[in-house]
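S.K.: Starting off with a structure, shown below.
The values are calculated or read from the model by the stated rules, or taken from the named source; none is laboratory data. Owing to the predicted nature of the structure, the values given are computational and were not obtained by experimental measurement. Note that each Cβ is placed from the backbone with ideal geometry, even for glycine, and that neighbours are counted across all protein chains shown. Side chains are part of the model used for accessible areas, which takes the heavy atoms of the whole protein and leaves out ligands, DNA and RNA. Shrake-Rupley method; radii C 1.70, N 1.55, O 1.52, S 1.80 Å.
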Amino acid sequence: EACGFCFLFAQKFHPSMRHVAKVRRALGVRTIFNILGPLTNPARPTVQLTGVFSKHLGPLYIQVMRNSGMRRAMVVHSKEGLDEISPAGDTYAWILDDGKISERTISPADFGLPFHSLDKVSGKEPKKNMQTFLDVLDGKEGPCADFVILNAACALWVAGVASDFKDAAVKSRESIQQGRAKKVLESYLKLSNDVAKEKNGDPAQKKRKLDGDGDKKTILHTISEHRATLISELSKEKPFPIMMKTSIGTPAIDVLSRIEMGRMGRGKVPDLVALMAEIKRASPSAGAINMNVDVVKQALLYANGGASVISVLTEPKWFKGSITDLRAVKEATMGLKNPPAILLKDFVIDEYQILQARACGADLVLLIVTLLPLEKLRHFINVSRTLGMEPLVEVARESEVKTALEAGARFVGINNRNLK
């Protein structure tokens, strides 16, 4: 409304598709999600222009668009294989107009535009592409400008802004020449930057808040930064699909139900509380605690003693744990009559850690509000639930309780220590 343009990145905003983004990137090949994305727009548009990577998808797409209630739509695929209208020749087009579907080919001539070979409009490195884009918005004529006008004109025609393709091309060119298109871009950039500043705050001020007193960095953030580096390296060395080959494969235990079971007690008199036990070799404050602990033996002691949840520290540098500890605990307890839920206790700052935890048998993960902005916390909660896990969301102050609840947390833990 403020600038006349909106861009919604599916990996961030789509309530379902964003949860599979990392897996899709790791696979590196086309999947069903390449097809589903444009057809599952939660905004439910009534008008849409979409390009497809295969001619065979055109008829399917346009029929789905009609069935979903769209009023007007066009699906395109060029003879050269582009998922947009080609400046070099014919493009296949499937058109939906008021419930009726038609098929035809279109070309630059239909728009009153010249033909250009694809090598004249092919992309280069990002900086040059950006400059080409800005040149077009500044009114520089040429193949790239015609290419932009061609596709923009088609969008205008589908939207009903122009009476025919040639009228749409004239309107597109006028928008550029009169500076209206560039003004939209400038307004969008300013607005998006203002929103980002409002949401994230001043970077310097934010750093001071994270560091506590502005001079001394907290141990919490020191550890999380170290984890971020290690996880980045690990995700490249062992991407998600490879990691899943060694997945334990058992469904996650519903931790909330397991806690209720724990409160029922082991005798005739119900217990007042359910117990969560922890396996921890060391900590930054206490140093070495039990460096030689047998995690399997300890887990079985906890489980047979009635623990509803076993928390396993997996951070390697300060707590001397590992993800293999968690896997060993899960494998040792999963065959028990009423096995405890296994918690990944770590500094989760990347989605990879959640996926890895589930693959290694975790039934829930710890999410620390102090480390996670609201949207990231909400996303991690949703990712966890998609994998069957209800995360434990840790708070340390009243304001963080509000953040946790706003993010949708159902299982909240209170850390009564001063994390700074």
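S.K.: Which one of these is open to solvent by less than 10 Å² (accessible area, probe 1.4 Å), more than 22 Å from residue 293 (Cα to Cα), assigned to a helix (DSSP H, G or I) and in contact with a strand residue (DSSP E or B) (Cβ under 7 Å, 6 or more places away or on another chain): 326, 377, 367?
M.R.: 377
S.K.: Of all residues in the stretch 390-412, how many are without any contact (Cβ under 8 Å) to a residue 24 or more places away in the chain and not in a loop (DSSP other than H, G, I, E, B)?
M.R.: 6
Rundown of residues vs (1) among the small types (Gly, Ala, Ser); (2) touching a helix residue (DSSP H, G or I) at 6+ places or on another chain (Cβ under 6 Å); (3) at pLDDT 85 or above; (4) more than 17 Å from residue 4 (Cα to Cα), yes/no style:
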| site | (1), (2), (3), (4) |
| --- | --- |
| 152 | yes, yes, yes, no |
| 156 | no, yes, yes, no |
| 160 | yes, no, yes, no |
| 168 | yes, yes, yes, yes |
| 179 | yes, no, yes, no |
| 191 | no, no, yes, no |
| 199 | no, no, no, yes |
| 207 | no, no, no, yes |
| 211 | no, no, no, yes |
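S.K.: If residue 94 passes every condition in (1) in contact with a strand residue (DSSP E or B) (Cβ under 8 Å, 6 or more places away or on another chain); (2) surrounded by fewer than 19 Cβ atoms within 10 Å (Cβ to Cβ); (3) not acidic (Asp, Glu) but one, which one does it miss?
M.R.: If we test residue 94 against (1) in contact with a strand residue (DSSP E or B) (Cβ under 8 Å, 6 or more places away or on another chain); (2) surrounded by fewer than 19 Cβ atoms within 10 Å (Cβ to Cβ); (3) not acidic (Asp, Glu), just (2) comes out false.
S.K.: What are the pairs with Cβ atoms under 7 angstrom where one residue, in the stretch 34-55, is at negative phi and open to solvent by 50 Å² or more (accessible area, probe 1.4 Å) and the other, located anywhere, is among the acidic types (Asp, Glu) and part of a loop (DSSP other than H, G, I, E, B)? Sequence gap at least six, or different chains.
M.R.: Every condition considered, the pairs that remain are 53/83.
S.K.: Condition first: open to solvent by 20 Å² or more (accessible area, probe 1.4 Å) and outside any helix (DSSP H, G or I). Now tell me which residues in the stretch 380-389 satisfy that.
M.R.: Of the residues in the stretch 380-389, the ones open to solvent by 20 Å² or more (accessible area, probe 1.4 Å) are 382, 385-388.
Within the stretch 380-389, 387, 388 meet the criteria.
S.K.: So residue 394 fits all but one of (1) open to solvent by less than 20 Å² (accessible area, probe 1.4 Å); (2) modelled with pLDDT of 95 or more; (3) within 25 Å of residue 273 (Cα to Cα); what number is the exception?
M.R.: Condition (1) is where residue 394 drops out.
S.K.: When you scan the stretch 160-190, how many residues do you find that are open to solvent by 70 Å² or more (accessible area, probe 1.4 Å), more than 19 Å from residue 144 (Cα to Cα) and assigned to a helix (DSSP H, G or I)?
M.R.: Count: 4.
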